[in-house]
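Worksheet: the structure to be examined is printed underneath.
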Amino acid sequence: MRTIPLLALAALLGACAAPEPWVKPYERERLADPIMQLSGAATADKHREHVRVVREGARGATGVQGGGCGCN
Amino acid sequence: MVATSLSRLLARLAALLGGVFALGPAGAITLPENRAEALAHAYDGDGVRATGPALLIRKSIADKVSLSGSYYVDMVSNASIDVVTTASPFKETRRAYTVGADYVERDTLISVSGESSTEPDYKARSLSVDVAQEVFGGMSTVSLGFTRGSDDVGQKLVGYFDTATHWQYRLGLTQVLTPRWLATANLEVVADEGYLGSPYRVARVFGAAVPERNPRTRTSRALKLGGVGSLDEKSAVYGSWRYFWDTWAVRAHTLEAGYRRYVREGWLADGSLRVVNQDAALFYSDNATAETRYITRNRQLASYSSIGVGAKLSAPLGKWAGSYAVTAHGGFERVMYRWRDFTDLRSGGRYRFDATVLQLYLTATY
């Protein structure tokens, strides 16, 4: 009877094991291609973000840092 | 001596942060590559024309530190609806300078930058610190960032009369999902305090023009979830959703989606769509029918929808002077703004306009 809780505990602890990285470095070649880039040229990103920030109420979480201005 | 002490301090900080975040074997976070950019930009819409150049130079030193500097100019000719219905069209120039340093230690990238922006009636200065750390065998990159901004607010014929301070806190995660897919999550909280309006803008109360009255504090949050996936060796798709909400009761959803494809050797084409839907701030009114403590008729805080359609093309120009790999880029975006509760006082109808954004630039890596 005691073995059942022990087995259940072992199964529970097994489920808690930290996951291993499942995409190895040698499998990431395609992710490094310029076509997968999340952002473009810094100056172009900054200009696009500035155009939006001065016309929209929403802001932030874009990954682009913008300085303040009085243009709104 | 000072440089050595700073280097040691940064190394200790990096090691400390590495200890906090390290969950797997070493990855391969690297310094940004040596790079130069020269951009010519233009915006045309709503009676506003803004053009100018922007330049950036980035160079690494001893494979540990990358220094960067940039210069950005906005030459604005403004005859927007706000201006032509309350004042006279004007021209002005804004100049912004940015300097930055990035330092890499093992799997940690620490970035520090400062920016100064000046226009005739507004000065803004900011200092940013960002830390990015690769964890989980290089499959995850966690980033933390902070910016403090300090502005002087002025008015023509009056001079500088008030200030505004901004605190920005950023948290980000980039996650490798599969050998072909990446996911991103970003959260940014911005707290503002001070003069947060425009001394030139007026609100309408019972049809009469009155100076707008904004709260002196605002806190906003933005959460953005996105992803990019490779369809095959020549094409990829990307998309994101951002939800924004703040203490002024502004709510906004932003959806973006795009498709990239190599159209020939090294030539990259990109098409994208961006849709925004925003609800108005609590104290926004097109024409208030009651006296309230706060009142604004700022279009940025009104209810509107916009659709933007964009296209970009990049073409390699080969090696210049032996070691500079130069690429030419062109970007075009057409944005259609439609307001639901902002009246065009000239026509009596709901306000709307279409804008064009153009970018032409060269980048060089070396």
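We did not get these values from a lab; they are worked out from the coordinates using the rules stated. Computed from a predicted structure; not experimentally measured. Cβ: placed from backbone, ideal geometry, glycine included. Neighbour counts: every protein chain shown.
Pairs B:LYS123/B:LYS224; B:LYS64/B:LYS224; A:LYS46/B:LYS91; B:LYS234/B:LYS319; B:LYS91/B:LYS224; A:LYS46/B:LYS123: which exceed 27 Å Cα-Cα? Pairs exceeding the cut-off: B:LYS123/B:LYS224; B:LYS64/B:LYS224; B:LYS91/B:LYS224. Modelled label positions at B:THR292 and A:GLU49, each set 7 Å beyond Cα in the direction of Cβ, lie 3.1 nm from each other.
Taken along the Cα-to-beta-carbon direction at a fixed 7 Å, the label points for B:GLN155 and A:ALA32 span 5.7 nm. Taking 15 Å as the cut-off, the amide N atoms of region B:96-130 that come nearer than this to a point 7 Å along the Cα-to-beta-carbon line of B:THR165 belong to B:125-127. Proximity of backbone amide H atoms, modeled 1.01 Å from N, is registered between B:TRP248 and B:THR219 at under 5 Å, excluding neighbours fewer than 5 places apart on the same chain. When the Kirkwood radius is taken over all Cα pairs of region B:232-366, what Stokes-Einstein diffusion coefficient follows at 25 °C and 0.890 mPa s, in µm²/s? Estimated diffusion coefficient is 136 µm²/s.
Taking a Cβ cut-off of under 10 Å around B:ILE81, the surrounding Lys, Arg, Asp and Glu residues balance to a net charge of -1, with basic ones at +1 and acidic ones at -1. The trypsin sites (Lys or Arg not before Pro) found in region B:242-326 that occupy coil by DSSP, while having at most 14 further C-beta atoms within 10 Å, are B:ARG293.
Here the Karplus relation 6.51 cos²θ - 1.76 cosθ + 1.60, evaluated at θ = phi - 60°, turns the backbone of region B:148-162 into coupling constants of 10, x, 9, 10, 10, 9, x, 8, 4, 6, 10, x, 6, 10, 7 Hz, with x for every Gly and Pro. Our coupling estimate for region B:197-209, obtained by passing each phi through the Karplus curve with A = 6.51, B = -1.76, C = 1.60 and θ = phi - 60°, is x, 10, x, 8, 7, 10, 9, 10, 10, 6, x, 9, 7 Hz, Gly and Pro reported as x. Extending 7 Å from Cα along the Cβ direction at A:TRP22 and again at B:ARG221 yields two label points whose distance is 2.9 nm. Length, then width, then depth: along the principal axes, the Cα atoms of the protein assembly as shown run 78, 74, 52 Å. Applying the criteria of a DSSP loop state and at most 15 other Cβ atoms within 10 Å to the trypsin sites (Lys or Arg not before Pro) of region B:129-190 yields B:LYS156. When the convex hull of its Cα atoms is viewed from all sides, chain B shows a mean projected area of 21.2 nm². A convex hull fitted to the Cα coordinates of region B:185-282 yields 152 cubic angstrom per residue.
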